[in-house]
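The values are calculated or read from the model by the stated rules, or taken from the named source; none is laboratory data. Computed from a predicted structure; not experimentally measured. Cβ atoms come from the backbone with ideal geometry, glycine included; neighbour counts cover every protein chain shown. These area figures cover heavy atoms from the full protein model, side chains too; ligands, DNA and RNA do not enter into them. Shrake-Rupley method; radii C 1.70, N 1.55, O 1.52, S 1.80 Å.
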Amino acid sequence: MNPIFSALQTSVFEVMSQLARETGAVNLGQGFPDDPGPEDVRRKAAEAVMTGWNQYPPMMGLPELREATAAHYKRWQGLDLDPASEIMVTSGATEAIAGALMALITPGDEVVLFEPMYDAYVPLVRRAGGIPKFVTLTPPAFGLTEAALAQAFGPKTRVVLFNNPLNPTATIFSEADLDLLAQFCVRHDAVAICDEVWEHVVFDGRRHVPMLARPGMRERTVKISSAGKIFSLTGWKVGLVMAAPRLMRVLAKAHQYITFTTPPNLQAAVAYGLGKEDSYFETMRADFQRSRDRFAAGLKALDYAVLPSVGTYFLNVDIAPLGESDDVAFCKRLVTESGVAAIPVSAFYAEGAVRTIVRFCFAKHDATLDAALDRLESRRAKAAAR
Ligand SMILES: Cc1ncc(COP(=O)(O)O)c(C=O)c1O
């Protein structure tokens, strides 16, 4: 058995979900919306299953989806991408990340990672033979510093794996941070694999700034997006990869031998969805923002120290003011004693973990959020009565 995978513990996401199932807790741990997703996009997928092509689609993705992707990112992010040579469709962002790591790393290469980070990153980097070098981000800003980057980058750095907007912190890196990282990538001749799956889920009028458009990065960035996040259909697993032809040629070879293709009917529906009018995207953001505000207001009324959330489906709470110093223990008590499942943010760190932040998913119906708040209120009342 490969020790990288056999040594992995059951993830805290699974532990918390299991506890939530056993106790009948309101599950604000897992990051998926209660809402079923846009009906017209789902209908397109259904039509494509019934009347469209259901055999192997082209390895790089349906031409109509690659055309739609180019048009979409021109419209939303000002990118000029050639659909024929710079866009590929994968089975989710996760396949795109795994494939990019396999394609770009030679065993012994160093990979710069920013923690807290998505849980798949470290095992995938290690399995590709990469040596992780961590930059630890700390609250409240979770930003970059020149000193931290200088410590992580070295002569063996080949790849940087960078997530923006950042899950789990619900923060967005500033343009100054992006340019600082770009300078390091250029200086060290490193490729940036940019996991931008949350690019459309940004709030308060913000617009996502893609790393690929920053100075010096056009030829050294792999931009990864996910239809699952763009259309609130997290189970669809349709990933979009964008990179200059020199990189795309090798990324395509990895994809060719991992999944080769992605269901054509879902691709057809995503092609349709990417062309939806601006109002769809604005309404989607506004709806999530309203849920964020509802849940944040409820938590604040219960005296929780709520950290700012400017993107993603998540809202974080600082539990240090409650006298708590172990987020895992806190979350276990929260789910078993109070019936609310959340995720301890220390689970997203490989080393140097911050242990006083807890992540809640607010992409839920009002009734679900209100039920969680009611339970937190009872918890507070019980604590006060003690
Ligand atoms: C940062 C990040 N990257 C990748 C993914 C996975 O994307 P996909 O479902 O398209 O594989 C997620 C899902 O939550 C995520 O938060």
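For residues that are open to solvent by 40 Å² or more (accessible area, probe 1.4 Å) and either part of a helix (DSSP H, G or I) or among the β-branched types (Val, Ile, Thr) (or both), tally how many sit in the stretch 367-386.
Step one: filter the stretch 367-386 for residues open to solvent by 40 Å² or more (accessible area, probe 1.4 Å), giving 367, 370, 374-375, 377-386.
With the extra rule that they be either part of a helix (DSSP H, G or I) or among the β-branched types (Val, Ile, Thr) (or both), the set shrinks to 367, 370, 374-375, 377-385.
Going through the stretch 367-386 one residue at a time, the tally reaches 13.
Could you grab me the full set of residues in the stretch 59-86 that are away from the ligand (no atom under 16 Å from the Cβ), open to solvent by less than 60 Å² (accessible area, probe 1.4 Å) and not in a helix (DSSP H, G or I)?
Listed by number, the residues that qualify are Met59, Met60, Leu62, Gly78, Leu79, Leu81, Pro83, Ser85, Glu86.
Out of all the residues in the stretch 226-262, which are within 16 Å of the ligand (Cβ to nearest atom), open to solvent by 60 Å² or more (accessible area, probe 1.4 Å) and of a type outside the set (D, E, K, R)?
Gly235, Ile258
Within the stretch 92-198, considering only strands (runs of 3 or more DSSP E) that don't extend past its boundaries, which have at least 2 residues that are touching a residue at least 24 places away in the same chain (Cβ under 8 Å), under 22 Å from Gly31 (Cβ atoms) and among the hydrophobic types (A, V, I, L, M, F, W, C)?
Fully inside the stretch 92-198 and qualifying: 110-115, 157-163, 191-195.
Assess whether Ala100 counts as being surrounded by 22 or more Cβ atoms within 10 Å (Cβ to Cβ), at pLDDT 95 or above and more than 10 Å from the ligand (Cβ to nearest atom).
Yes: the conditions hold for Ala100.
Would you mind finding the one in Lys229, Lys253, Lys237 that is within 14 Å of the chain's Cα centre (by Cα), over 23 Å from Asp278 (Cβ atoms) and not in a strand (DSSP E or B)?
Lys237
Taking Phe153 and the conditions (1) more than 16 Å from the ligand (Cβ to nearest atom); (2) surrounded by 18 or more Cβ atoms within 10 Å (Cβ to Cβ); (3) more than 19 Å from Met211 (Cα to Cα), which numbered condition does it fall short on, given that it satisfies the others?
Status for Phe153: all satisfied but (3).
If I ask for residues that are of a type in the set (A, V, I, L, M) and either in contact with a His (Cβ under 6 Å, 6 or more places away or on another chain) or assigned to a strand (DSSP E or B) (or both), which ones from the stretch 199-219 would you list? Break it down stepwise before answering.
Step one: filter the stretch 199-219 for residues of a type in the set (A, V, I, L, M), giving 201-202, 209, 211-213, 217.
The one that is of a type in the set (A, V, I, L, M) and either in contact with a His (Cβ under 6 Å, 6 or more places away or on another chain) or assigned to a strand (DSSP E or B) (or both): Val202.
Could you check the stretch 295-309 and list, in sequence order, the residues that are loosely packed, with under 15 Cβ neighbours inside 10 Å and part of a helix (DSSP H, G or I)?
Passing the criteria: Ala297, Lys300, Ala301.
Sort out which residues of the stretch 28-46 are away from the ligand (no atom under 15 Å from the Cβ), touching a residue at least 60 places away in the same chain (Cβ under 8 Å) and either closer than 28 Å to Arg333 by Cα or acidic (Asp, Glu) (or both), and write them in order of number.
Asp34, Asp35, Asp40, listed by residue number.
Looking at the stretch 231-248, I want the residues that are in contact (Cβ under 8 Å) with a residue 40 or more places away in the chain and have a partner that is within 9 Å of the ligand (Cβ to nearest atom) and assigned to a loop (DSSP other than H, G, I, E, B) with Cβ atoms under 7 Å, at least 6 apart or on another chain. Which pairs are those?
Close Cβ pairs satisfying both conditions: Thr234/Phe32; Lys237/Ser91; Gly239/Ser91.
Can you spot a residue in the stretch 342-355 that is more than 25 Å from the chain's Cα centre (by Cα), touching a residue at least 12 places away in the same chain (Cβ under 8 Å) and more than 24 Å from Leu233 (Cα to Cα)?
No, the stretch 342-355 has no match at all.
Name the residues in the stretch 310-366 that are among the β-branched types (Val, Ile, Thr) and in a helix (DSSP H, G or I), would you?
Answer for the stretch 310-366, where residues must be among the β-branched types (Val, Ile, Thr) and in a helix (DSSP H, G or I): Val328, Val335, Thr336, Val345.
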